[in-house]
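Structure first, then comments.
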Amino acid sequence: MKKKLINLLAKTGFSVLLFCLGLLLFNWPLTSVVNTNIELFFTFLFLVWSFIILILFFISKSLDTAASQNNPDTKNTNV
Amino acid sequence: MFNPLTVITVSCLYIGFLFLIALWVEKKASKGINIGNHPLIYSLSLAVYCTSWTFYGSVGKAATSGMLFLAIYLGPTLAIILWWTMIRKIIRVKNTYRITSIADFISARYNKSQGIAALATIIALAGIVPYVALQLKAIISTFEIITTPLSTKIVPGSSLYVGLLIVALMTIFTIMFGVRRLDPTERHQGMVVALAAECLVKLVAFLASGIFVTYFLFNGFDDIFQRLSASPFNKVFEPEATGNSFYLTWTTYLVLAMFAIMFLPRQFHVAIVENFDEKHIKTAMWIFPLYMLLINIFVLPIAKGGLLLGYSIHEADTFVLGIPFYSGQQFLSLLVFIGGLSAATGMIMISSMTMATMMTNHLLLPVIEHVGWLGFLRRYLLECRWAAVAVYILTGYLFEHTVGESFMLVNLGMISFAAVLQFAPVILGGIFWKQGNRVGAFLGLSAGFMIWFYTLVIPALVKAGWITESLIRNGPWGINLLKPEQLFGLTGLDPLSHALFWTMLFNIGLYVIGSLYFEQSKEEQSLTEEFMNILATGIIPTPIVSGETFINLSDKKAAILKLLHQYFPHTKSQEILEQCLITLRLSEKEQISIVELIELLKEIEKFLTGSIGAAAAHHTIRNSDIFTPVEEGELSKVYAEILADLKLSPSELKEKIDYYKEREQLLEKKYQTLVENVNIGVYRKTGSPHGSFFQANPAIVRMFGYDSVEEFLKVQTYSLYQDPQDRIKFMEKIKKQGYVKDELLKLCKKNGTPIWGSITAKVQYDEYGEIKWIDGVIEDITERKLAEDALFESEERLRSFFNSMTDFMYVLTNNGIIVQVNPAVIRRLGYSEDELIGSSIAEFFTPASKEIFSGQFPILLNQKFIRHETDLICKNGSIINTDCTASAVCNDREGIMNIVVIQKDITKRKRAEESLVQSLEVLQSVYNIATTIRGSYEAVCEHVVFNLANLLKIAYVSVEHFEEDQIRIIARITDGDFTHNEVTPLEYSPCTRMCEKNEPCQTKGSLHQLYPKNKLLSQYDFKTHLGIPIRNISGKVVGALSAMDYKDRTFSEDEIRLIEIFARYIAYEFERNVMETQLRQLDRIKLLGQMAAGVAHEVRNPLNAILAITEALFQDIGDNPEYKPYLDHIRTQVDRLSRLMGDLLDLGKPIQPSNLHKDSLSSICASTVDLWKQTSLSQTHKVKLVLPAEVDNLLVMADRARLQQVFLNLLENSAQHSPDGSEIHFVVSRPKGKTARICVVDEGNGIPPENLQKVFEPFFTTRKRGNGLGLSIVKNAIQAHGGDIIIRNNAPPPGCTVEISLPIF
């Protein structure tokens, strides 16, 4: 389970997914949902931001253990 | 308020401190310690993004636009998610091409175009100047705040001199930190560490201000939000207030910030140019966003707090400093000022440094190229950069002074962001789109820049009042479609979104169209390939191809030096050239080939790129006269020859290349088929700490018991090891060596079954020396390993047995040469291993054993086994008896391979056997003597000496008796001849010492020399004497059994014991002889006594009658003179007879044991002397009683009267044999053991020696009137008391001594 998670986090595709997710969360229309008052908007933005930083931390650590998976030659193929 | 001088001093001290940090870091770097090479430093240095715009401007933006400011930091957070892919690629390009700036990067990608580089520089210059202005504005504003009294209103920009001073200081600091020298790598480690420190300071300062406002002026976030909701300012933050355009602007900010974090020149510099290790990106990916989060978390509270506290919204840009300052927090406000200063100086320094590099490399140098008379400036490139720094910062200040007043900080920053956004299409297209080319890039950049200028800068100038406002309202020449903020009639967008839309449309559009329309040159295609594949393959260094060496290297060196000298001092130029020559291994050559020249120029160009940029360097090399027309012709010829050798036209060459590509693919397929069917495991895995496989063949999958390749590839390599430590060691070894060969490892299958694998693997590195992957093959050798282990175990057991066994073990060749021995042989025989190995085993045998072995050896070769006894000669000469077993070790092919000999040491057993035989002989002899010898004591002694001489094989044996001071040799055998009854003085005998010690005693040496007065010894040349004492029944040494030999020999313990046995036997015989003699004597005395008593009894009665008659006659006729003589004679004779009869009765009267009582010896002696005094003899002879104090308490068992009589008799006897007037000594000596000695010493004539033995015999007397019974009676009485009596002449004469021994109690 842990290995799978590390491999997942280290994949370029996951980074792209996170980027897209971030764009979605930080843009209209989702921002308009929470921008009903400044306090909620503030809390929402900082929480999502913290969450992304946490994920980035795990990506960073997983890249250490599975750096090779970012290499195009390191696909799971037979010799 | 603070004194301006104080603030300037503190600021200078702070910058000076940072400068010291930078110097220290560079000093360490010169020693090889790269402090800047740390992910944390890299991450913090990226925070140069957070300038004074963040520090002060964010609060201003928050006060006016709510959360909009946060998009500027959320954008970079989103962008950084993709950094591992994007930035890593750019970093690799930078490392390969020695990129020094963003303009350099763009130029390098697009055929090293100087035009594009210049355009990019202009865009950056135009775009960043407002940014620098923004920083200066922040510093000046905040300086004014903290140096102006609270009661005085601040007039913005009132202090021109302060601005100029700050410009001067910033210029100096920038030059000191970043432009002190021309660095080909353009890496400034010291400056980056100082920048990281600044970033830390500004974060701390901002947090301090935020905490103060939020928690000291208010009661936390909730309090501020609650108060705000009740205040009129709340409307500012209502969604309705921000309007629908809020989300559009938000997205615009987000997009601009996403690209700004990468393409702002200063960000490009710290993220790309200053990067030490691409791995640092991984840490920066979360630390930098975290930094931004922390520095922004208090922005909104400060903005709201300021408004709630009543500060003007127009002063919101300075709330961070103003609130603490106006709240009286002097120290905090100074800290915040330093934080703001850090934010501004960091940006200005990095920005001006990189801009100065771009300006000189991409603007000045091309101008110098074209304007000949400016050529001298090449030598002053560094100084030109200094000037560029000054000009750049001054321009920023002028912009701030003229335009800045009309903008808030954030707005100035966004103009810059929009400018650098223009780089995004060409950079991203450059690394991800193959077809992007120079023309497209130039068109896109130009269009984007122009639109940016028209839509954002022109309105700014209008706002500053430099241009008429009608341009915005009506458009140029009244053309509405050209309104800068509503270009082509586009309305409804805020100016920034509007500009973003049009710039990107034109930029991307023209870049794509231009790239598609125009074709790339071949050189550009090559560059494109390298940029595209930089992550996949890296740049493979081209090996030097040897060719005809006709080019004089010294000429070329001179030309290159001339070229380099245009930019560098002579020494530096020389260094660069030497380094290039060493890299290409050309330094020793005098002539080089055309190919080598090309490589050399390529290397020089790389160095130049580092200093003057890729475009300028390329242009400089290309325009240099280093390549002569002849050499260019030669180069063409080389290519032509290659084609000619291949006998191909260019089109055929292309076909061939395609063919070989196809063939390579076929080979690859064959390789894959081979690998998939081979029985050996083949794999490729990562070199990471945990490691995982990404390629594996079916054999390895089967080997480890997995079901499929896919399943196996999911396994972490460490889980395949039995012991995880083995993997760590394996990885350390392979990392150290780069490969391993036949490495034996204990692994485990999927089900946990252990297997042994032999691994051969090799590390594949990338161009940075990092492990790319590890290729390896693994063979399952479990069965072989188990067999080897079993064999090893067996060998170990044998070796242990061989080494530990106490028997001697040899391994011989089939001709008897020793090849191996066990430690017991070395230990026991005393030879070293070297002496034994290589020698024939027979060399260590005794001659007899050697003969036996020689005879047995053919039997051994024939029958493969022999056993016999052999004697070995030790190194010290001693002999070891062994039981030798030899076995031949054979195999079918070679017959006898070795002979194993085992010798058991049986020396002790042999000795024991010999000893046993000897003992048996002795026992037999003793038995024979004891059972067969009958006869006299002398005859027994003769037998003993004879047998001993034979058993011991010695020349002389004798039985000797000690008598007073002489030795009587009862019997001796000398060289087989018997002699009896000899007398020799004791003092001249070797037995003297034995007597003194009372134990066996050996004497060695020439005995006739040691005892020259001994007549017997003088006749022979004996060298050894052994004396064994012969003791009587009371333990007294009475004689000796002597053995002598002519040779110097040591009698063994066994031999001594043997002689002792005989000595005891002699002693027994001696005692028996004495007892028999005594018995005979006693019987004789007893008989005599009885007879005498009978006679006396019969005679005494008639005597009494005669005496009575004589008395009667005497009375009748005694007066008659005629008869009186006769009567007197009768009476005298009758008296004498009466006494004789009395003595005879005493002799025959035994002492009854019942009459013996414990009595004091001294008392008896004293009473005896008293009795003596009553005798007549006491008149003529004096008796001197000597009683030492020690004898006072001596008790003896005695019949007191008889003992007194004995002593009295002895005293009388002495007196009778002594002259009148002489003295008799009656001495009681100190006891010896349990024996008391009483001596009577007279001064008479003594006793002739021949009579000494007879004096105690009855009736022996030398006196005419004596009856010879006195001493006999004395002796009988003494013996009846358990004592003894001896008599000896005094030495020296006169007289004799009678010595009585009595047991004491």
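The values are calculated or read from the model by the stated rules, or taken from the named source; none is laboratory data. Note that this is a predicted model, so its numbers are computed, not measured. A quick note on method: Cβ atoms are made from the backbone with ideal geometry, for glycine too, and the neighbour counts reach across all protein chains shown.
Got a sec? Which of B:T64, B:T85 is farther than 30 Å from B:L169 by Cα, part of a helix (DSSP H, G or I), under 60 Å from the mean Cα position of the chain (by Cα) and not aromatic (F, W, Y)?
Details: B:T64 fails: under 60 Å from the mean Cα position of the chain (by Cα).
Criteria check complete, one pass: B:T85.
Hey, does segment B:123-145 have a residue that's crowded, with 24+ Cβ neighbours inside 10 Å, out of contact with any Asp or Glu (no Cβ under 9 Å at 6 or more places or on another chain) and at pLDDT 85 or above?
yes
From (1) modelled with pLDDT of 85 or more; (2) assigned to a loop (DSSP other than H, G, I, E, B), pick out the condition that doesn't hold for B:F1256.
(1)
Here are the criteria: (1) within 18 Å of B:I817 (Cβ to Cβ); (2) surrounded by 15 or more Cβ atoms within 10 Å (Cβ to Cβ). Tell me which single one B:C890 does not satisfy.
(2)
Need a quick list: helices (runs of 4 or more DSSP H) entirely within segment B:661-737 having at least 1 residues that are of a type in the set (A, V, I, L, M) and within 11 Å of chain A (Cβ to nearest Cβ). Quick ask: steps written out before the conclusion?
On the way: elements: B:698-703, B:709-713, B:724-737.
Here the list reads B:698-703, B:709-713.
Any residue in segment B:551-572 that is at pLDDT below 75, over 18 Å from B:T628 (Cα atoms) and not acidic (D, E)?
Initial filter on segment B:551-572 (at pLDDT below 75): none.
Looking for residues that are at pLDDT below 75, over 18 Å from B:T628 (Cα atoms) and not acidic (D, E), one finds none in segment B:551-572, hence no.
Quick test for you: out of B:S515, B:S497, B:S526, pick the one residue that is of a type in the set (S, T, Y) and modelled with pLDDT under 80.
On the way: B:S515 fails: modelled with pLDDT under 80; B:S497 fails: modelled with pLDDT under 80.
Of B:S515, B:S497, B:S526, the one residue that is of a type in the set (S, T, Y) and modelled with pLDDT under 80 is B:S526.
Write out, first by first residue and then by second, each pair whose Cβ atoms fall under 9 Å of each other, whose residues are 6+ apart or on separate chains, and whose first residue, in segment B:303-315, is farther than 16 Å from B:F212 by Cβ while the second is of a type in the set (G, A, S) and at pLDDT below 80.
Pairs found: B:L307/B:S231.
What's the number of the condition B:S333 fails, among (1) in contact with a Ser or Thr (Cβ under 7 Å, 6 or more places away or on another chain); (2) modelled with pLDDT of 85 or more?
Of the numbered conditions (1) in contact with a Ser or Thr (Cβ under 7 Å, 6 or more places away or on another chain); (2) modelled with pLDDT of 85 or more, the odd one out for B:S333 is (1).
Residues B:G1283, B:G1295, B:G1268: which one is at pLDDT 85 or above and at positive phi? It would help to see each step written out before you state the result.
On the way: B:G1283 fails: at positive phi; B:G1268 fails: at pLDDT 85 or above.
Among B:G1283, B:G1295, B:G1268, only B:G1295 is at pLDDT 85 or above and at positive phi.
Which residues, counting only those in segment A:52-79, are charged (D, E, K, R) and at pLDDT 85 or above? Even if it seems obvious, please write down each step before you answer.
So in segment A:52-79, the residues charged (D, E, K, R) come out as A:61, A:64, A:73, A:75.
The one that is charged (D, E, K, R) and at pLDDT 85 or above: A:K61.
Any idea which of B:E795, B:E779, B:E788 is among the acidic types (D, E) and touching a Gly at 6+ places or on another chain (Cβ under 7 Å)? Step through it out loud before you land on a result.
Numbers: B:E795 fails: touching a Gly at 6+ places or on another chain (Cβ under 7 Å); B:E788 fails: touching a Gly at 6+ places or on another chain (Cβ under 7 Å).
B:E779 is the lone residue from the list that is among the acidic types (D, E) and touching a Gly at 6+ places or on another chain (Cβ under 7 Å).
Take residues that are crowded, with 16+ Cβ neighbours inside 10 Å and facing chain B (nearest Cβ under 7 Å) and tell me which of the helices (runs of 4 or more DSSP H) falling wholly in segment A:3-65 contain 2 or more. Before the answer, list the steps.
On the way: elements: A:12-25, A:30-34, A:38-65.
In segment A:3-65, A:12-25, A:38-65 are the helices (runs of 4 or more DSSP H) which contain 2 or more residues that are crowded, with 16+ Cβ neighbours inside 10 Å and facing chain B (nearest Cβ under 7 Å).
Which residue out of B:S141, B:S101 is among the small types (G, A, S) and in contact with a His (Cβ under 9 Å, 6 or more places away or on another chain)?
One residue alone meets the criteria, B:S101.
Test B:L68 against the criterion of being farther than 22 Å from B:S312 by Cα and either without any contact (Cβ under 8 Å) to a residue 40 or more places away in the chain or among the aliphatic types (A, V, I, L, M) (or both), and give yes or no.
On the way: farther than 22 Å from B:S312 by Cα: no; either without any contact (Cβ under 8 Å) to a residue 40 or more places away in the chain or among the aliphatic types (A, V, I, L, M) (or both): yes.
No.
So which of B:T85, B:T77, B:T96 is within 13 Å of chain A (Cβ to nearest Cβ) and surrounded by fewer than 23 Cβ atoms within 10 Å (Cβ to Cβ)?
Values: B:T77 fails: surrounded by fewer than 23 Cβ atoms within 10 Å (Cβ to Cβ); B:T96 fails: within 13 Å of chain A (Cβ to nearest Cβ).
None of the other options fit; the residue is B:T85.
Yes or no, residue by residue, for (1) modelled with pLDDT of 85 or more; (2) touching a strand residue (DSSP E or B) at 6+ places or on another chain (Cβ under 7 Å); (3) within 19 Å of B:T813 (Cβ to Cβ):
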residue	(1), (2), (3)
B:S832	yes, no, no
B:I837	yes, yes, yes
B:I841	yes, yes, yes
B:F845	yes, yes, yes
B:E851	yes, no, no
B:F857	no, no, yes
B:N862	no, no, yes
B:R867	yes, yes, no
B:T870	yes, yes, yes
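Could you count how many residues in segment B:750-772 are surrounded by 15 or more Cβ atoms within 10 Å (Cβ to Cβ) and within 24 Å of B:G705 (Cα to Cα)?
Residues that pass the stated criteria total 8.
Under 7 Å by Cβ, and 6 or more places apart or on different chains, what pairs join a residue from segment B:214-228 that is within 9 Å of another protein chain (Cβ to nearest Cβ) with one that is acidic (D, E)?
These pairs meet every condition: B:F225/A:E39.
Going residue by residue through segment B:463-478, is there one that turns out to be part of a loop (DSSP other than H, G, I, E, B) and on the phi > 0 side of the Ramachandran plot? Steps first, please.
From segment B:463-478, those part of a loop (DSSP other than H, G, I, E, B) are B:465-469, B:475; that's our starting set.
Right, trim to on the phi > 0 side of the Ramachandran plot and you get B:465, B:475.
Yes, segment B:463-478 contains a residue that is part of a loop (DSSP other than H, G, I, E, B) and on the phi > 0 side of the Ramachandran plot.
Which pairs do you get when a residue that is under 12 Å from B:S1042 (Cα atoms) and among the β-branched types (V, I, T), found in segment B:991-1003, comes within reach of a residue that is assigned to a loop (DSSP other than H, G, I, E, B) and modelled with pLDDT of 80 or more, reach meaning Cβ atoms under 6 angstrom, with the pair 6+ apart or on two chains?
B:T1003/B:P990
Check off (1) under 30 Å from B:Q1002 (Cβ atoms); (2) among the polar types (S, T, N, Q); (3) free of Cβ contacts under 8 Å to residues at least 40 places away in the same chain; (4) surrounded by 13 or more Cβ atoms within 10 Å (Cβ to Cβ) for B:N1073 and give me the number that stays unchecked.
Among (1) under 30 Å from B:Q1002 (Cβ atoms); (2) among the polar types (S, T, N, Q); (3) free of Cβ contacts under 8 Å to residues at least 40 places away in the same chain; (4) surrounded by 13 or more Cβ atoms within 10 Å (Cβ to Cβ), B:N1073 violates only (3).
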